[in-house]
Structure formats: structure tokens, C-alpha cells
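Enquirer: Starting off with a structure, shown below.
The values are calculated or read from the model by the stated rules, or taken from the named source; none is laboratory data. Owing to the predicted nature of the structure, the values given are computational and were not obtained by experimental measurement. Cβ sites come from the backbone with ideal geometry, for glycine too, and all protein chains shown count toward neighbours. What goes into the accessible areas is simple: the full protein's heavy atoms, side chains included, and nothing from ligands, DNA or RNA. Shrake-Rupley method; radii C 1.70, N 1.55, O 1.52, S 1.80 Å.
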Amino acid sequence: MKILFVGDLNEYGRSFQRYRTLIRLGHNITAFSVAPVPRRPGIEKTPFFERLFWKLKLPFDMTSVNEKIKEAAKKENYDIIWIEKGNTIKPSTLRFIKFRLPSAKLISLSEDDMYAPHNHTFYYKWGLRYYDIVFTTKVYNLEELKKIGAQKTKLFLDAYDETLHKPLSLSKEDRSEFGCDVGFIGTFEEDRAQKILYLAQNGIKVTVWGNGWSDWVGKHENLIVKNQPLYGDDFVKAINATKINLCFLRKMNRDEVTSRSVEIPACGGFMLGERTKRHSDFFEEDKEAVFFDSVDELYEKVKRYLSDEAARKQIAEAGRKKCFKSGYSMKIQLDKMIKIIIAQF
């Protein structure tokens with residue numbers, strides 16, 4: 001298939017992973033980034049005017065991607081116009097695609113809760129009606145997105161990149177830098193921070209990587225805040241070097257499952273995550289992953305499995321096998337999506 005791919009092409013992101021996977025699947029890809037490359041979120045400060053336009057829900061087109069899309073549509077015929085999210089893609093650009101390439105399949109996809117106002121812009125909302133299919137990982141978004149303009153919605157699963165998310169052989173240096181009993185990798189959110197603090201206050205050492213944790217540095221002697229994100233091999237090394245990997249769900253996105261939910265087991269890591277129906281659909285509890293509801297249950301599960309290495313290894317291995325067996329890889333999920341797109345027309 002000849003695909004025009006539009007997304008964040010920085011190597012830290014999952015858009016880039018999907019772009020790379022589509023190439024591995026043998027598709028002919030032309031790609032434009034909606035964000036400057038390279039960009040290091042959490043390290044480089046977002047320019048003021050970019051933050052201002054985002055707050056107005058009319059984000060500035062930092063890379064002139066709208067014009068690039070139009071120029072590409074004038075010069076080439078594409079089977080699929082693949083747009084990740086689409087928050088900076090103007091409705092006029094989508095109308096131009098429909099006019100210039102009437103036989104092309106125009107699709108949008110996101111792993112975020114795009115019905116939630118804080119995740120979408122006016123451009124996204126106004127442009128929804130032009131997409132032939134809007135893909136989402138959120139079951140509840142399937143009908144919600146139709147309320148704000150989507151014509152057709154389809155579910156795809158949170159997935160792992162099989163070329164990246166896998167067990168690694170760790171050096172002494174790796175274990176020294178990333179090794180810990182209990183770890184969490186993710187952006188700050190108050191609910192998860194309080195749960196982690198509860199563990200620290202009850203004698204559990206927890207190491208935290210991610211953006212937004214600067215105010216929590218030195219909060220407790222058992223809380224080790226690295227205050228920096230992890231990407232690529234470092235992300236995988238940290239999971240491999242951690243005895244218990246915590247998987248918290250983002251409350252403001254109404255998450256029931258997240259990319260971490262499959263990335264951790266795919267890396268061969270032991271996952272202790274929040275109990276939801278979707279989590280239980282993905283992994284059998286206490287056999288392929290371990291779940292909790294309350295902070296008391298979280299603490300009890302941490303204490304139990306820190307002292308049972310054999311059980312941790314058995315569950316981690318079963319979780320990784322489940323990822324294979326159930327097709328949670330990005331390659332399999334994207335291949336299914338391509339087939340869905342073709343079948344619709």
C-alpha cells in the first residue's frame with residue numbers, strides 16, 4: 001500500500017514506532033512530522049506561543065505539515081492518508097485531500113481519550129467528519145467520538161514494538177543505573193504519586209522515572225525520583241532491571257489499559273497494575289500479571305512478590321507468552337488495521 005503517514009516522528013514516540021512498523025510490513029511510506037525533530041519532551045521547554053495556541057485549542061502548525069500534505073496530495077496518489085491524532089490538521093486540509101484524492105482512505109488514530117476536551121483541539125473536532133475511519137484503543141470512545149463528528153470508529157489494541165520491547169542482557173553498569181525492587185516509569189499524576197508515597201512510607205523503596213516529578217524529589221527517603229523520562233533501550237533496560245514494575249492508569253484519560261500494560265510483559269518484566277476489566281481481558285490475573293484495587297492491596301502484593309522470586313519469574317514469563325499468543329504486537333495490530341481499512345471500501 002502507498003501510505004502518506006502524518007505523526008510525531010521523534011524516535012521516543014509510539015507514532016514513530018508505528019511508522020517504522022508499517023515500513024517493516026512492506027508498505028511504501030511518505031512521512032511528515034507534526035512536531036520538530038529532534039525534540040526532547042520534559043527536557044526542552046515548549047515555546048510560549050506554542051503553549052498559548054494549544055490552550056486556545058487552535059495549535060500552531062510548527063512544521064507546516066498542512067501545506068506539506070497538500071503538496072504531496074497534488075503530486076502523488078496514495079491508498080491511505082494515515083493521520084496520528086490530527087490535532088494540528090485543519091479541516092480545510094482534510095477537505096483538500098477528499099477533493100484531490102477521492103479514492104484514498106483517510107484515517108485517524110490515537111491511543112488517547114480523544115473525546116476528553118483536554119486531549120483534542122477545535123481542528124480535530126471540526127475535522128472528524130472527514131475521516132473514513134477513526135481508530136481508538138478506548139472502548140468507550142467508539143460511540144463517544146460519533147457524538148462529536150466521527151462517521152465510523154474501530155477499536156485497535158494497545159501494542160508493543162517487538163523490535164524494541166523484549167528481554168535484554170544487562171551489564172553491571174545497567175543494573176547499577178536501573179536496578180531496583182519496585183519501579184514506575186511515567187508522567188506525574190497525583191493519584192499515582194500518592195500510592196507510591198504510601199509504599200515509601202511503609203518501608204518500600206520505589207524508583208520513579210518520568211516527567212513532572214520535580215516537586216517530589218526528596219519527598220521521602222524511600223522514594224527515589226529520577227525526574228527524567230526513559231526512552232528506547234533505556235526504557236527496556238529499566239523494566240528488565242526492576243523486580244516489580246508498577247503500571248498505573250491515567251485517571252484524566254479514563255484509562256482501563258495503556259501501552260505500558262503490554263510493553264512491560266513484552267519486555268519480560270513482572271507487572272503489578274491497577275485492576276480493571278480491560279486489564280483482566282488482556283492478562284489472566286495472578287498467572288500472567290498481578291493487579292490491585294486499594295493501596296493496602298498494592299502494599300500487600302508488593303510485599304508478597306518481593307519475597308517470591310520464583311513466582312515473579314513464572315508470572316513474567318507467562319505474561320510475555322500471552323503477548324505473543326494474543327497478538328499484542330504492533331506489527332500484528334497494524335496489519336489488522338490495514339485489512340480493516342481495505343475491507344471498508
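Enquirer: Using helices alone, I'd like the mean residue ellipticity at 222 nm for the chain: each DSSP H run of four-plus residues gives -39500 (n - 2.57), total over residue count, nearest 500.
Expert: Calculated from helices alone, the mean residue ellipticity at 222 nm is -12000 deg cm²/dmol.
Enquirer: Another question, then. Can you list the aspartates and glutamates whose alpha carbon sits under 14 Å from that of Lys166, skipping same-chain ones fewer than 8 residues off?
Expert: Asp233, Asp234, Glu263, Glu317
Enquirer: Mind pulling up the Rg/Rh value for segment 154-274? Radius of gyration and Kirkwood radius, both on Cα.
Expert: Rounded to two decimals, Rg/Rh equals 0.96.
Enquirer: Sticking with this one: Determine which aspartates and glutamates satisfy two conditions relative to Lys277: a Cα distance under 16 Å, and not lying fewer than 8 residues away in the same chain.
Expert: Cα-Cα hits under 16 Å: Asp158, Asp255, Glu256, Glu285, Asp286, Glu288, Asp293.
Enquirer: Under a Cβ-only charge scheme (Lys and Arg +1, Asp and Glu -1), can you give me the dipole magnitude of segment 182-240 about the Cα centre, in debye to the nearest 20?
Expert: Using only the charged Cβ atoms, the result is roughly 160 debye.
Enquirer: Take the alpha carbon atoms of segment 1-29, find their center, do the same for segment 284-345, and report the distance between the two centers in whole angstrom.
Expert: One Cα centre to the other: 25 Å.
Enquirer: Moving on to the next point. Just to verify a number: what accessible area does Phe156 come out at with the full protein assembly present, 1.4 Å probe, Å² rounded to tens?
Expert: Using a 1.4 Å probe on the heavy atoms, I get roughly 10 Å².
Enquirer: Which of the chymotrypsin sites (Phe, Trp or Tyr not before Pro) found in segment 53-123 are loop residues per DSSP with 15 or fewer other Cβ atoms within 10 Å of their Cβ?
Expert: Phe60
Enquirer: For a quick check: with amide H placed at 1.01 Å from N, whose amide H comes under 5 Å from Ile244's, ignoring anything fewer than 5 positions away on the same chain?
Expert: Val182, Gly183
Enquirer: Using a 1.4 Å probe over the heavy atoms of the protein chains, calculate the carbon and sulfur portion of the accessible area of the chain as a whole percent.
Expert: Of the solvent-accessible surface of the chain, carbon and sulfur hold 50 percent.
Enquirer: To the nearest 10 degrees, how steeply does helix 65-75 sit against the main Cα axis of the chain, on a 0 to 90 scale?
Expert: Around 50 degrees separate the two axes.
Enquirer: Let me ask another. Rounded to the nearest 0.05, what FRET efficiency is calculated for Glu11 and Asn211 with R0 set to 22 Å and r the Cβ-Cβ distance?
Expert: Computed FRET efficiency for Glu11 and Asn211: 0.85.
Enquirer: How big is the dipole moment of the chain about its Cα centre under a simple scheme where the beta carbon of each Lys and Arg is +1, that of each Asp and Glu is -1, and everything else is neutral? Debye, nearest 20, please.
Expert: The dipole of the chain has a size of about 1300 debye.
Enquirer: Mind scanning Lys68/Lys339; Lys205/Lys303; Lys2/Lys74; Lys172/Lys226; Lys98/Lys154 and naming the pairs with a C-alpha gap bigger than 23 Å?
Expert: Distance filter (> 23 Å) returns Lys68/Lys339.
Enquirer: Given that just one value was derived from the coordinates, which of (1) 1.32; (2) 1.12; (3) 0.98 is Rg/Rh (Cα atoms, Kirkwood Rh)?
Expert: It is the one labelled (3).
Enquirer: Taking 0.36 nm per intervening residue step and subtracting the Cα-Cα distance, what contour gain separates Glu67 from Leu142 on full extension?
Expert: 24.0 nm
Enquirer: Here is a further query. Of Ile69, Pro91, Ala104, whose Cα points farthest to the positive end of the dipole of segment 56-108 (charges on the beta-carbon: +1 Lys, Arg; -1 Asp, Glu; origin at the Cα centre)?
Expert: Pro91
Enquirer: If you keep only loop residues by DSSP, which GluC sites (Glu not before Pro) in segment 244-345 have at most 15 other Cβ atoms within 10 Å of their Cβ?
Expert: Filter output for segment 244-345: Glu284.
Enquirer: Now for a different question. Over the chain, with the other protein chains present, what is the accessible area per residue in square angstrom, probe 1.4 angstrom?
Expert: 46
Enquirer: Here's a follow-up. Considering only C-alpha atoms, what is the centroid distance from segment 91-108 to segment 193-226, in Å?
Expert: For segment 91-108 versus segment 193-226, the Cα centre distance is 47 Å.
Enquirer: Which one of Tyr131, Leu168, Asn141 is farthest out on the positive end of the charge dipole of segment 121-230, using unit charges on Cβ (Lys, Arg +1; Asp, Glu -1) and the Cα centre as origin?
Expert: Tyr131
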